[in-house]
1. Sort out which residues of the stretch 187-213 are of a type in the set (Asp, Glu) and either touching a Gly at 6+ places or on another chain (Cβ under 9 Å) or open to solvent by less than 50 Å² (accessible area, probe 1.4 Å) (or both), and write them in order of number.
2. I'd like the residue in the stretch 178-197 that is assigned to a loop (DSSP other than H, G, I, E, B) and over 30 Å from residue 130 (Cα atoms) and, out of all such residues, is nearest to the chain's Cα centre (by Cα).
3. For the list (1) among the aliphatic types (A, V, I, L, M); (2) more than 15 Å from the ligand (Cβ to nearest atom); (3) in contact with a His (Cβ under 9 Å, 6 or more places away or on another chain); (4) open to solvent by 10 Å² or more (accessible area, probe 1.4 Å), I need the number of the one condition that residue 55 fails.
4. Please go through the stretch 68-96 and pick out each residue that is among the polar types (S, T, N, Q) and either out of contact with any strand residue (DSSP E or B) (no Cβ under 8 Å at 6 or more places or on another chain) or not in a helix (DSSP H, G or I) (or both).
5. Quick one: in the stretch 160-186, of everything that is more than 25 Å from residue 203 (Cα to Cα) and among the acidic types (Asp, Glu), which residue is least open to solvent (accessible area, probe 1.4 Å)?
6. Could you list all residues from the stretch 203-225 that are within 25 Å of residue 16 (Cα to Cα) and in contact with a Leu (Cβ under 9 Å, 6 or more places away or on another chain)?
7. Tell me which residues, restricted to the stretch 97-126, are closer than 23 Å to residue 182 by Cα, outside any helix (DSSP H, G or I), away from the ligand (no atom under 12 Å from the Cβ) and of a type outside the set (A, V, I, L, M, F, W, C).
8. Just one of 77, 49, 62 is within 17 Å of residue 186 (Cα to Cα) and either within 16 Å of the ligand (Cβ to nearest atom) or free of Cβ contacts under 8 Å to residues at least 24 places away in the same chain (or both); which is it?
Amino acid sequence: MEDLLRTGYLLCTHLVPENSSIVPISRLAVSRAGSPYGFEVDGRFLTQSALAYYLRYAFVASHLDLDHVDTIVELGSGGGKQVEVLKRLHPKVTFVLLDLPAQLYVAERYLHVALPRDVVPYRAMREPGPPSLIPGKIHFLSNARIADLADTGRTLFWNAASFGEMEPDVVEQYGADASRFSDWLFLHQCFDGKERNSAEDLGGVLDPVRFAHYVRAFPDFRMLDKRPAHTGLAYLREGDGRYHDTFWARRAP
Ligand SMILES: C[S@@+](CC[C@H](N)C(=O)[O-])C[C@H]1O[C@@H](n2cnc3c(N)ncnc32)[C@H](O)[C@@H]1O
């Protein structure tokens, strides 16, 4: 398995074009918190998921130098591991993580150990109303508080494999909220829609969110690039669905 991950690492170095705004993977190491399975390159610890998160980052950074971004707002931040990769490569950026409470708790606990100096504890931000963000720090807000965000400067909105778990009307509401403060969007999704809920499978959605729904949810934005998402080991597929990385910019007024 370790050899396979090393091959994935080498593949990442080939998949990512040389571009002055992309920090090379040779500068990345991630935390061992939680004892994940991983491998070392030149004394730097990496995991399989770190390769995938790095490739998402590199796709975005090929369009936008993250050193020129003030804030990245990730909705559906899961375990917080994407933010760890972004923060390690671009330490000055301010982060806002939004998710359902259980996942937000996991991300808060993980990042508390992985990046202890960068984290603002959840309890410091839990009062409703516009949060006072601390530049360069990582903040955790429950999902509904996306409506409280304002004055986040040059902002990249990030959603990876999360909108697909929702119904179209929920994505439209989030789209309206995120459109108030975002300048760019990174959407990593299965644009043909995720699996439907069925009698055999209690998971899934009632009405899959497809590409046209994203266009409707973000009318102020134009998609500039769409490429098949790669994990470092293979193109990312789930059943019949394929994931794509997409980058969007706000339309000129
Ligand atoms: C498949 S995980 C992806 C996590 C992370 N973005 C990643 O790429 O590893 C989907 C995430 O979306 C979140 N999510 C699902 N429904 C949500 C909702 N209605 N509002 C906010 N987050 C939601 C889940 O809690 C979970 O963290």
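1. Result: 192, 195, 207.
2. If we filter the stretch 178-197 for residues that are assigned to a loop (DSSP other than H, G, I, E, B), which is where we start, we get 182-183, 190-195, 197.
Remaining after also requiring over 30 Å from residue 130 (Cα atoms): 190-195, 197.
On the way: 190: 14, 191: 16, 192: 19, 193: 18, 194: 18, 195: 21, 197: 25 Å.
Out of the qualifying residues, it is 190.
3. (2)
4. Those that are among the polar types (S, T, N, Q) and either out of contact with any strand residue (DSSP E or B) (no Cβ under 8 Å at 6 or more places or on another chain) or not in a helix (DSSP H, G or I) (or both): 71, 77, 94.
5. 177
6. Residue satisfying the conditions is 223 alone.
7. Of everything in the stretch 97-126, just one residue is closer than 23 Å to residue 182 by Cα, outside any helix (DSSP H, G or I), away from the ligand (no atom under 12 Å from the Cβ) and of a type outside the set (A, V, I, L, M, F, W, C), namely 126.
8. Details: 49 fails: within 17 Å of residue 186 (Cα to Cα); 62 fails: either within 16 Å of the ligand (Cβ to nearest atom) or free of Cβ contacts under 8 Å to residues at least 24 places away in the same chain (or both).
Just one listed residue meets the conditions, 77.
The values are calculated or read from the model by the stated rules, or taken from the named source; none is laboratory data. The structure displayed is predicted, hence computed values, not measured ones. Note that we place each Cβ from the backbone using ideal geometry, even for glycine, and neighbour counts take in every protein chain shown. Heavy atoms of the whole protein, side chains included, go into the accessibility calculation; ligands, DNA and RNA do not. Shrake-Rupley method; radii C 1.70, N 1.55, O 1.52, S 1.80 Å.
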